[in-house]
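The values are calculated or read from the model by the stated rules, or taken from the named source; none is laboratory data. Here the structure is a predicted model, which is why all the values come from computation and not from measurement. Reconstructed Cβ throughout: ideal geometry from the backbone, glycine too, with neighbour counts over all protein chains shown. Remember, those area values only see protein heavy atoms, side chains included, never the ligands or the DNA or RNA. Shrake-Rupley method; radii C 1.70, N 1.55, O 1.52, S 1.80 Å.
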Amino acid sequence: MPTGLILQPTYQIRDERPVVRLFGRLLDGPPFLVEDDRFRPYLFVRARDVASLGSVPGISVEVRDLRDLEGAPVARVVLPLPSAASALRDRLASAGIATLEADVRFAYRYLIDHGVRALASIDGPSEERDGLVVFRNPRLTPATGRPTLRVLSLDLETTPDASRILSFALAGCGAEEVHLVGKGAVPGAELHADERTLLKAFVARVRALDPDVLLGWNVVDFDLRVLARRLAALRISEGIGRVPGRIGFEQDRTFTRQGRADVAGRMVLDGAGLVRDALRLEDYRLETVARAVLGRGKLLAADHPNPAAEIQRLHREDPAALAAYNLEDARLALAIVEQEGLVELTLERSLLSGMQLDRVGASIASFDQIYLPELRRRGIVAPNVRADRPGVAVQGGAVLESVPGIFRNVAVFDFKSLYPSLIRTFNLDPLAHARAPREGGDAIVAPNGARFSRDDAILPALLDGFLARREDAKRRGDRHADQAIKIMMNALFGVLGAPACRFFDGEIANAITSFG
């Protein structure tokens, strides 16, 4: 039975039916696509509110042995399309009726219900189509393994106003090449008569090299946005994904405002963003990072007064120099992330959380991917995220004032993974908090007064598993797995203090810090 890494969980509407589409790469080599048209979107309402649904075309109500965190029975409302979930949620909210789990993304809901994170065994017939192994309506089960990703670094050079693309360079997937608009011959470069021919060559080369990951420096907000505009302006319909389609763009709604690019079947990672999460530097320009990490920099002087004009001059007067400059930028981006192991770290975080590679920093969504399946195994349904919920101040742990002076016989004590250890020791967990007796009983009572059941909890067992995996990673010298697990464990505390988390509760977050 083949096993594959899921790179991109998504869906499309076909004949008024949602079709789940999972793009990825099989561990034995070829890229794949899973298509499943059997799965339907759904949300939950409390059983007492079912009568308030009224008669809505295309929906069905299923009463199962499921309850909310407080123990109230719930019913599952199955919908025809994913968009119907938000419409029904908003309509019921205006009538004062709460829905549950109505805001889980459809494709991720599919993975959650199948108990799959990033790796899955795929059981079912397949066919090859345009270089993809396509599975239709297979059976998915969780799997383990170590995938290898194909990473391609790209860089575009343009006119100063980015109205034309002058050249592109590719590095990775066994290739190092640069293509320019021009005439004659340029050593080390392939020339094209005009921009349209250049961009058709770009599309063809990306599809031929077939990367899993497209990498670059500011690749989303510059290179790919310029590329998308120029492909549209020149009426080039071919795309750079594994199936037809234009490049899509999304702006992160968090404070980072990070841009994401949607290329069918491929992940796009910004080298600058990967470095920003891992290293503390003066700035995150390619020149600065390359000097700090690799000891070399860009081929155009860092103090050049007008780099954009110089690129245009090189294109006109010294195309060989432009080709070398363009290719070196693509090489630098790839070399930096390889030197620091940043794609490997990102992959490890994806394997842990089940989030796609460009969303592994979404700690709240990662928490859902881990916690919601465990809740469901216990027959419990989670609440929606409450956007109107006010934040609660989370008090930090005690900080003692140091005493200046010179001392002998100084001992240093440090707790190993303090907050995760407290969560394990005292059953500090959303389910345990919801199920604790409000007064009396055999509850664990935190210093801030929050109460926790001694029996019902999910996070302590999850952390036990993470700790065992981290110790194993340390023993085998796998620094990427070690770091990924450390990040995940620390995030489990942070999300509980974030109002954007569906399990946010100031009492739980302050119980952890007050124990600390």
Contacts under 9 angstrom Cβ, first residue in region 196-220 being open to solvent by less than 60 Å² (accessible area, probe 1.4 Å), partner of a type in the set (Phe, Trp, Tyr) and part of a helix (DSSP H, G or I), 6 or more apart = Gly216/Phe222
With the first residue restricted to region 166-182 and required to be in contact (Cβ under 8 Å) with a residue 12 or more places away in the chain, and the second required to be polar (S, T, N, Q) and surrounded by fewer than 21 Cβ atoms within 10 Å (Cβ to Cβ), Cβ contacts under 9 Å at 6 or more apart or on different chains are Leu166/Thr159; Leu166/Gln312; Val181/Thr197
Looking at (1) over 14 Å from Val219 (Cβ atoms); (2) open to solvent by 40 Å² or more (accessible area, probe 1.4 Å), which is the only condition Ala264 fails?
-> (2)
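Within region 322-331, does at least one residue satisfy the condition of being in contact with a helix residue (DSSP H, G or I) (Cβ under 6 Å, 6 or more places away or on another chain), surrounded by fewer than 24 Cβ atoms within 10 Å (Cβ to Cβ) and assigned to a helix (DSSP H, G or I)? I'd like the intermediate steps shown before the answer.
Residues of region 322-331 that are in contact with a helix residue (DSSP H, G or I) (Cβ under 6 Å, 6 or more places away or on another chain), as a first pass: 322.
With surrounded by fewer than 24 Cβ atoms within 10 Å (Cβ to Cβ) added as a condition, the list becomes none.
The answer is no; no qualifying residue exists.
Would you confirm, using the coordinates I've provided, whether Phe23 is under 25 Å from Asp456 (Cβ atoms), of a type in the set (Phe, Trp, Tyr), out of contact with any Phe, Trp or Tyr (no Cβ under 7 Å at 6 or more places or on another chain) and in a strand (DSSP E or B)?
On the way: under 25 Å from Asp456 (Cβ atoms): no; of a type in the set (Phe, Trp, Tyr): yes; out of contact with any Phe, Trp or Tyr (no Cβ under 7 Å at 6 or more places or on another chain): yes; in a strand (DSSP E or B): yes.
So Phe23 does not fit the description; no.
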Restricting attention to region 192-248, which residues are under 22 Å from Val133 (Cβ atoms), aliphatic (A, V, I, L, M) and under 24 Å from the mean Cα position of the chain (by Cα)?
-> Val206, Leu209, Val213, Leu214, Ile240, Val243
Taking region 355-368, which residues are open to solvent by less than 10 Å² (accessible area, probe 1.4 Å) and more than 18 Å from Gln483 (Cβ to Cβ)?
-> Phe367
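Looking at Ser121, Ser163, Ser153, Ser167, which is the one that is part of a loop (DSSP other than H, G, I, E, B) and at pLDDT 95 or above? First the steps, then the outcome.
Numbers: Ser121 fails: part of a loop (DSSP other than H, G, I, E, B); Ser153 fails: part of a loop (DSSP other than H, G, I, E, B); Ser167 fails: part of a loop (DSSP other than H, G, I, E, B).
Checking each option against the conditions leaves just Ser163.
Which members of region 124-150 meet the condition of being of a type in the set (D, E, K, R) and in a strand (DSSP E or B)?
Kept after step one, since they are of a type in the set (D, E, K, R), are these residues of region 124-150: 127-130, 136, 139, 146, 150.
Residues satisfying the conditions are Glu127, Glu128, Arg129, Arg136, Arg139.
One line per residue, one yes/no per condition, for (1) among the charged types (D, E, K, R); (2) touching a Leu at 6+ places or on another chain (Cβ under 8 Å); (3) outside any loop (DSSP other than H, G, I, E, B); (4) farther than 19 Å from Gly397 by Cα:
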| position | (1), (2), (3), (4) |
| --- | --- |
| Val412 | no, no, no, no |
| Phe415 | no, no, no, no |
| Leu431 | no, yes, yes, yes |
| Pro447 | no, no, no, no |
| Ile485 | no, yes, yes, yes |
| Gly494 | no, no, yes, no |
| Cys501 | no, no, no, yes |
| Ile508 | no, yes, yes, no |
| Thr513 | no, no, yes, no |
Taking region 444-473 on its own, how many of its residues are surrounded by 13 or more Cβ atoms within 10 Å (Cβ to Cβ) and of a type in the set (D, E, K, R)?
-> 6
Considering residues that are closer than 16 Å to Arg40 by Cα, in a loop (DSSP other than H, G, I, E, B) and open to solvent by 20 Å² or more (accessible area, probe 1.4 Å), the number found within region 73-109 is 5
Out of (1) surrounded by fewer than 18 Cβ atoms within 10 Å (Cβ to Cβ); (2) touching a Leu at 6+ places or on another chain (Cβ under 6 Å); (3) part of a loop (DSSP other than H, G, I, E, B), the odd one out for Glu177 is which?
-> (3)
Taking Arg40, is it outside any strand (DSSP E or B), open to solvent by 40 Å² or more (accessible area, probe 1.4 Å) and either of a type in the set (A, V, I, L, M, F, W, C) or under 30 Å from Met267 (Cβ atoms) (or both)?
-> yes
Would you check if there is a residue in region 16-24 being open to solvent by less than 60 Å² (accessible area, probe 1.4 Å), under 26 Å from Gly145 (Cα atoms), in contact (Cβ under 8 Å) with a residue 40 or more places away in the chain and among the aliphatic types (A, V, I, L, M)?
-> yes
What number of residues within region 337-393 are aliphatic (A, V, I, L, M) and either free of Cβ contacts under 8 Å to residues at least 60 places away in the same chain or out of contact with any Leu (no Cβ under 9 Å at 6 or more places or on another chain) (or both)?
-> 11
How many residues are within 24 Å of Ala365 (Cα to Cα), more than 18 Å from the chain's Cα centre (by Cα) and touching a residue at least 40 places away in the same chain (Cβ under 8 Å) if we restrict to region 100-143?
-> 7
Within region 284-332, work out how many residues are small (Gly, Ala, Ser) and in contact (Cβ under 8 Å) with a residue 40 or more places away in the chain.
-> 7
Tell me, yes or no, whether region 435-445 has at least one residue that is assigned to a loop (DSSP other than H, G, I, E, B) and among the hydrophobic types (A, V, I, L, M, F, W, C).
-> yes
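If a residue must be more than 16 Å from Thr99 (Cβ to Cβ) and either open to solvent by 40 Å² or more (accessible area, probe 1.4 Å) or outside any loop (DSSP other than H, G, I, E, B) (or both), how many such residues does region 379-402 contain? Full working, then the answer.
From region 379-402, those more than 16 Å from Thr99 (Cβ to Cβ) are 379, 390-402; that's our starting set.
From what's left, either open to solvent by 40 Å² or more (accessible area, probe 1.4 Å) or outside any loop (DSSP other than H, G, I, E, B) (or both): 390-396, 398-402.
Summing the residues that are more than 16 Å from Thr99 (Cβ to Cβ) and either open to solvent by 40 Å² or more (accessible area, probe 1.4 Å) or outside any loop (DSSP other than H, G, I, E, B) (or both) in region 379-402 gives 12.
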Identify, from the list Val34, Val56, Val61, Val50, the residue that is within 26 Å of Ile380 (Cα to Cα), part of a strand (DSSP E or B) and not hydroxyl-bearing (Ser, Thr, Tyr).
-> Val61
Can you give me the number of residues within region 416-443 that are within 30 Å of the chain's Cα centre (by Cα) and surrounded by fewer than 11 Cβ atoms within 10 Å (Cβ to Cβ)?
-> 1
Here are some conditions: (1) open to solvent by 30 Å² or more (accessible area, probe 1.4 Å); (2) over 30 Å from Leu342 (Cβ atoms); (3) free of Cβ contacts under 8 Å to residues at least 60 places away in the same chain. Glu70 meets all but one. Which one does it not meet?
-> (3)
